[in-house]
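Below is one structure, written out as structure tokens; comments come after it.
The values are calculated or read from the model by the stated rules, or taken from the named source; none is laboratory data. Nothing here was measured: the structure is a model prediction, and the numbers come from that model. Here the Cβ positions follow ideal geometry from the backbone for every residue, glycine too, while neighbour counts run over all protein chains shown. Side chains are part of the model used for accessible areas, which takes the heavy atoms of the whole protein and leaves out ligands, DNA and RNA. Shrake-Rupley method; radii C 1.70, N 1.55, O 1.52, S 1.80 Å.
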Amino acid sequence: MGVCGYCGKSAFTISQKIGFCASCLRKYWEELKEEIKKIHAATRKAFGLPEEPPRAKEGVPCNLCFHRCRIPEGAFGYCGVWQNQAGRLKGPGPKAAHVSWYLDPLPTNCVADFVCPGGTGAGYPDFAYLPGPERGYANLAVFYEACNFNCLYCQNWHFKTRSLKQPPVSAEKMLADVKDHVSCICYFGGDPGPQAPHALSFAKAAKAHKGGKILRVCWETNGAENPRLAQAMMRLSLVSGGCVKIDLKAYRQPIHESLCGVGNEQTLANFRMLAQLAAVRPHPPALVASTLLVPGYVDEEELEALASFISSLSPEIPWSLLAFYPTFYLDDLPTTSRRHAEMALNIAQSHGLKHVNLGNQHLLSDAY
Ligand code: SF4
Ligand code: SF4
């Protein structure tokens, strides 16, 4: 049971790690934001990551994502992979990156599985090998071990213990796993954004390796890339039959920043821009939204705002709602309740969204 340090309310859906309820965070953000900043700084320091995006006047600029770090001599950018070495920006190149990968048999639990060629055969025969789920084929799941967000509930946080310590891995080793039965690549993480130049270059090599055969390129990202990079990612997905899946973690700044340590302006702006680009290929959908139903924080107000935002761009954009599992710093919240999930589905329906799916249903509880 958590207690809000502002209004004193107690509930299972208030995390002591955050220390405040969603209503107070939204209402009294100006008063509370320094507290929230301190929490995020401490959780980053624990992994040797920069506590804030570096802003050195004479620092080397990196423009790959919304942070636009200016990195002082010898230091790293916020993501922890790009470094100022003797006045030059050094990091993962086209040939090597902080990455790991595995072959995942299709159909799989990808967040877009309910609408994509691999999970449903959508786009057959141009973009899928089979008219239904691609059984017998596999997804090359590529995990980029760095991130430019700081989500307190990161489901894959273990990468933080490895990314700075291990040398980059050669792309040739990964290319050897683009076997005949691989029909898609899914870049995820961490986040693929900070290492997207490597991902784009690898996708070209992998497509050449496959000859003219179908190889979809998909991304699971927080969507905060430099807009030019986000466009390049979308172009690759459009021509290959893949999709860009953007995690819309919350809508209001106080909730987004409390959960993820950063704002969401770039994510929302990129989503809006990519919705326009994606309109040229509605089937299979090239842009997909996903949202984790964090108890107490991704609440009715956030879900209403997110549903309204997505449907204002197009009610055809699929939305994948995912049940939450307590982990990392947010290990003091329950899993998503049935009531919460039903409310999210009803909100999506009331905004006219046509393709909505609820994932991780086995986690649903009756807790609140
Ligand atoms: S990718 Fe983003 S977080 Fe990383 S160094 Fe560049 S601007 Fe900073
Ligand atoms: S990687 Fe893309 S095509 Fe493959 S299962 Fe995931 S969303 Fe579908």
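Observations
- A residue that is open to solvent by less than 30 Å² (accessible area, probe 1.4 Å), at pLDDT 95 or above and closer than 23 Å to A41 by Cβ occurs nowhere in the stretch 124-133.
- All strands (runs of 3 or more DSSP E) inside the stretch 55-144 with 3 or more residues being away from ligand 2 (no atom under 16 Å from the Cβ) and more than 22 Å from P284 (Cβ to Cβ): 83-85, 88-90
- Qualifying residue in the stretch 273-282 (condition: more than 19 Å from N226 (Cα to Cα), outside any loop (DSSP other than H, G, I, E, B), open to solvent by less than 10 Å² (accessible area, probe 1.4 Å) and in the same structural domain as C110 (by TED's automatic domain parsing)): no
- Some residue of the stretch 178-193 being touching a helix residue (DSSP H, G or I) at 6+ places or on another chain (Cβ under 8 Å) and in a helix (DSSP H, G or I): yes
- Within the stretch 69-93, the residues that satisfy the criterion of being open to solvent by less than 70 Å² (accessible area, probe 1.4 Å), more than 9 Å from ligand 1 (Cβ to nearest atom) and in contact (Cβ under 8 Å) with a residue 24 or more places away in the chain are A75, N84, G87, P92, G93.
- The stretch 94-106 - residue that is away from ligand 1 (no atom under 16 Å from the Cβ) and open to solvent by 50 Å² or more (accessible area, probe 1.4 Å) and, of those, nearest to the chain's Cα centre (by Cα): W101
- Against the list (1) away from ligand 2 (no atom under 16 Å from the Cβ); (2) within 30 Å of L32 (Cα to Cα); (3) open to solvent by less than 20 Å² (accessible area, probe 1.4 Å); (4) within 14 Å of the chain's Cα centre (by Cα), the condition Q266 fails is (3).
- Top-ranked residue in the stretch 134-147 [being open to solvent by 10 Å² or more (accessible area, probe 1.4 Å) and among the hydrophobic types (A, V, I, L, M, F, W, C); ranked as farthest from ligand 1 (Cβ to nearest atom)]: F143
- Within the stretch 326-360, the set of residues being without any contact (Cβ under 8 Å) to a residue 60 or more places away in the chain, part of a loop (DSSP other than H, G, I, E, B) and hydroxyl-bearing (S, T, Y) comprises T335, T336.
- Within the stretch 171-183, residues that are not assigned by TED's automatic domain parsing to the domain that holds S201 reach no partner that is at pLDDT 95 or above and within 16 Å of ligand 1 (Cβ to nearest atom) with beta carbons closer than 7 Å at six or more positions or on different chains.
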